Amino acid sequence: MAEKKRALVTGITGQDGAYLADLLLSKGYEVHGIKRRSSLFNTDRIDHLYHDPHEEDQRFVLHYGDLSDSTNLIRIIQQVQPDEIYNLGAMSHVKVSFDTPEYTANADGIGTLRLLEAIRILDLTKKTKIYQASTSELYGLVQAVPQSETTPFYPRSPYAVAKLYAYWITVNYREAYGMYACNGILFNHESPLRGETFVTRKITRAVAKIALNIQDKLYLGNLDARRDWGHAKDYVEAMYLILQQEQPEDFVIATGITTTVRDFIKLAFAEVGIEVDFKGEGVDEKGYVVSCSNPDYQVTIGSEVVAVDPKYFRPTEVELLIGDPSKSKDKLGWVPKYDLQGLVKEMVAADVDLFRREKLLKDSGYAIKNQFE
Ligand code: NDP
Ligand code: GDR
């Protein structure tokens with residue numbers, strides 16, 4: 001019987017880590033994940049995969065670690081001897097990277113180097129394949145659209161600059177040492193597991209809360225930004241496929257369709273039967289309720305439910321992303337199963353469900369926690 005493949009996933013507690021772990025386990029892999037020590041539990045997204053470590057035949061194993069600590073990475077890789085490493089760990093919030101630029105460079109940029117060096121030091125260059133979570137943020141200031149594997153990069157944030165280093169060091173180790181090392185240049189992908197401070201999830205949470213009368217208004221930054229949004233479940237399939245090719249190569253993963261933040265908001269409200277329109281310009285732009293066809297929700301027609309708060313603007317913005325997925329379609333046979341409508345539907349439904357339960361608690365006298373957004 002063929003030995004089962006072993007994968008090591010950094011960032012396993014994140015959105016993509018959780019979906020990828022599900023996928024790899026379903027394919028029979030033994031999955032090892034690196035999680036950071038935290039003062040609170042941080043494994044919500046993967047708790048369903050956890051088994052008592054005293055049970056035999058563990059196929060899902062967590063290791064404490066951090067991309068800023070090479071000793072720890074070397075030790076874990078030595079112990080696990082992975083066939084595949086998926087480097088998903090990162091300080092992944094673009095706006096926050098302006099506040100923590102040095103840490104972001106360390107974790108997102110040098111962290112990738114540490115993994116590549118660990119593979120080399122341990123003499124695993126012929127055994128271990130590595131996937132690097134590269135990003136459409138590399139394109140930054142628009143040079144050409146749609147963006148493909150050959151479009152020049154122009155990063156616009158400390159996050160994107162750190163990821164640019166990670167991109168090129170991955171290419172360099174492939175060329176210098178013949179390693180199977182690949183970049184997946186993934187455009188934005190979302191899901192009900194998306195971090196609460198990314199714009200799509202912030203919107204779907206607010207839509208649910210406004211419909212349920214828990215929140216009055218949603219404050220956002222740049223409503224004109226356009227993103228090529230897909231579903232994380234589709235995108236982790238692409239990560240897996242990228243490591244199963246004959247030759248290591250880099251791939252753009254995208255839907256090829258772009259949408260403004262404003263239109264995403266309209267779509268999300270429409271899911272609960274609320275029609276929202278916008279008036280005004282720039283910081284004075286407001287979103288207001290035009291109609292509500294769902295008798296379960298008591299929103300006032302004409303009320304302002306969306307406003308702009310400049311605190312969410314970025315010092316330098318990425319205005320337009322639209323990917324060209326032709327290469328991944330041709331070579332990987334990758335085609336996304338979700339469209340934007342399906343993604344929004346799933347996210348809004350999950351958040352309505354979540355806040356229905358929270359409202360029940362609130363109505364019974366228990367407070368809802370404050371959240372930074
Ligand atoms: P998340 O922010 O949901 O998850 C990031 C993960 O990285 C978490 O598990 C986090 O741990 C972990 N992490 C953060 N810092 C460190 C560190 N210093 N050492 C080890 N682990 C760390 O991101 P996503 O799942 O959305 O994204 C996965 C990867 O793909 C990231 O690298 C991101 O930059 C990249 N990417 C994401 C895209 C998207 O649209 N989602 C698009 C393109 C690229 P903890 O849970 O403890 O915080
Ligand atoms: P992004 O995602 O920066 O593209 O990075 P995010 O959802 O944070 O922003 C998308 C766009 O929406 C605009 N925006 C706001 N964004 C946030 N977070 N909060 C707001 O209130 C708000 N208002 C408007 C932003 O300005 C931006 O233009 C994500 C991350 O997952 C990265 O790790 C990944 O590499 C890229 O996607 C591809």
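All of the numbers you see were taken from the coordinates with simple rules; none came from a lab. This one's a predicted model, so the numbers in the text were calculated from it and none came from an experiment. Positions of Cβ are generated from backbone atoms using ideal geometry, with glycine treated the same way; all protein chains shown enter the neighbour counts.
With viscosity set to 0.890 mPa s and temperature to 25 °C, compute the Stokes-Einstein D of the chain, Rh being the Kirkwood radius across alpha carbon pairs; µm²/s, no decimals.
113
Specify which residue in the list I74, V61, H48 is farthest towards the positive end of the charge dipole of segment 6-186, using unit charges on the beta carbon of Lys, Arg (+1) and Asp, Glu (-1), about the Cα centre.
I74
If I build a Gaussian network model for the chain, linking alpha-carbon pairs within less than 10 angstrom, which residue out of E304, E196, E56 has the largest mean-square fluctuation?
Among E304, E196, E56, the largest GNM mean-square fluctuation belongs to E56.
Starting from the Cα-Cα distance between T316 and Q247, subtract it from 0.36 nm times their residue separation and give me the gain in nm to one decimal. Let's see the in-between values first.
Details: separation 69, 0.36 × 69 = 24.84 nm, distance 3.65 nm.
Full extension of this stretch gives 21.2 nm more.
Antiparallel versus total DSSP beta bridges in the chain: what percent is that, nearest 5? Kindly include the intermediate steps, with their values, before the conclusion.
Details: 11 of 45 bridges.
Bridges in the chain are about 25 percent antiparallel.
Quickly work out the L361-to-Y50 label distance, labels modelled 7 Å from Cα along the C-beta direction, and quote it in nm with one decimal.
Modelled inter-label distance: 1.7 nm.
Against the longest alpha carbon principal axis of the chain, how many degrees, from 0 to 90 and to the nearest 10, is the axis of helix 111-121 turned?
Approximately 20 degrees, to the nearest ten.
Where does helix 15-26 land angle-wise versus the long Cα axis of the chain, in degrees 0 to 90, nearest 10?
Value to nearest ten degrees: 50.
Order these peptides, 317-325, 355-363, by their mean beta-carbon neighbour count within 10 angstrom, highest first. Each step should come with its number before you reach the end.
On the way: 317-325: 20.3, 355-363: 13.6.
Averaged packing, sorted descending, gives the order 317-325, 355-363.
What is the P(r) of segment 106-171, as percent of Cα-Cα pairs per 5 Å bin from 0?
Binned Cα distances yield the sequence 4, 18, 25, 20, 14, 10, 7, 3, 0.
Neighbouring Cβ atoms within 10 Å as the yardstick, rank V61, V9, V236, V199 fewest first.
Numbers: V61 15, V9 30, V236 27, V199 23.
Ranking V61, V9, V236, V199 by Cβ neighbours within 10 Å, fewest first, gives V61, V199, V236, V9.
Could you work out the Kirkwood radius for segment 6-186, taking every pair of different alpha carbons, averaging 1/r and inverting it, reported in Å?
Details: mean 1/r = 0.0594 Å⁻¹.
Across segment 6-186, the inverse of the average 1/r is 16.8 Å.
Rounded to the nearest 500, what is the chain's calculated 222 nm mean residue ellipticity when only DSSP H runs of at least 4 contribute -39500 (n - 2.57) each, over all residues? Walk me through the intermediate numbers first.
On the way: 10 runs with 121 residues, N = 373.
Value at 222 nm, helices only, nearest 500: -10000 deg cm²/dmol.
Among the listed pairs K27/K329; K27/K327; K35/K127; K233/K345; K286/K345, which are separated by more than 19 Å between their Cα atoms?
Values: K27/K329 21 Å; K27/K327 24 Å; K35/K127 24 Å; K233/K345 15 Å; K286/K345 23 Å.
Over 19 Å Cα-Cα: K27/K329; K27/K327; K35/K127; K286/K345.
Charges at C-beta only: +1 for Lys and Arg, -1 for Asp and Glu. How large is the resulting dipole of the chain about its Cα centre, in Debye rounded to 20? Could the numbers behind the result be given before it?
Working: 44 positive and 53 negative charges, 72 e Å.
So the magnitude is around 340 debye.
For segment 227-268, list residues with backbone N below 15 Å from a point placed 7 Å from the Cα of D339 toward its Cβ?
Residues 229-231, 255-259, 267 fall inside that zone.
Tell me which residues come under 5 Å, amide H to amide H, from S134 once H is placed; ignore anything under 5 positions away on its chain.
Placed amide hydrogens put G184, L186 under 5 Å from S134.
In whole Å, how far is the Cα centre of segment 1-51 from that of segment 333-369?
Answer, in whole Å: 23.
Only residues of segment 185-201 count here: report those whose backbone N is under 14 Å from the spot 7 Å along Cα→Cβ of H93, or say none.
194-201
Based on alpha-carbon centroids, what's the gap between segment 117-153 and segment 78-99 in Å, whole number please?
Answer, in whole Å: 13.
Identify which of L354, L343, L243 has the largest mean-square fluctuation in a Gaussian network model of the chain, with springs joining Cα atoms closer than 10 Å.
Greatest mean-square fluctuation among the candidates belongs to L354.
Among L320, L8, I203, pick out the residue whose Cα is farthest towards the positive end of the charge dipole of the chain, where Lys and Arg carry +1 and Asp and Glu carry -1 on C-beta, about the Cα centre.
Comparing the listed Cα positions along the dipole, L8 ranks first.
Can you put C182, C292 in order, fewest other beta carbons within 10 Å first? Walk me through the numbers on the way to the answer.
Numbers: C182 22, C292 19.
Going from least to most buried by this count: C292, C182.
If one takes the longest principal axis of the Cα atoms in the chain, at what angle in degrees, from 0 to 90 and to the nearest 10, does the Cα axis of helix 261-271 lie?
Its long axis makes an angle of about 70 degrees.
Who wins for biggest fluctuation among D216, D52, D351 in a Gaussian network model of the chain, springs between alpha carbons below 10 Å?
Among D216, D52, D351, the largest GNM mean-square fluctuation belongs to D52.
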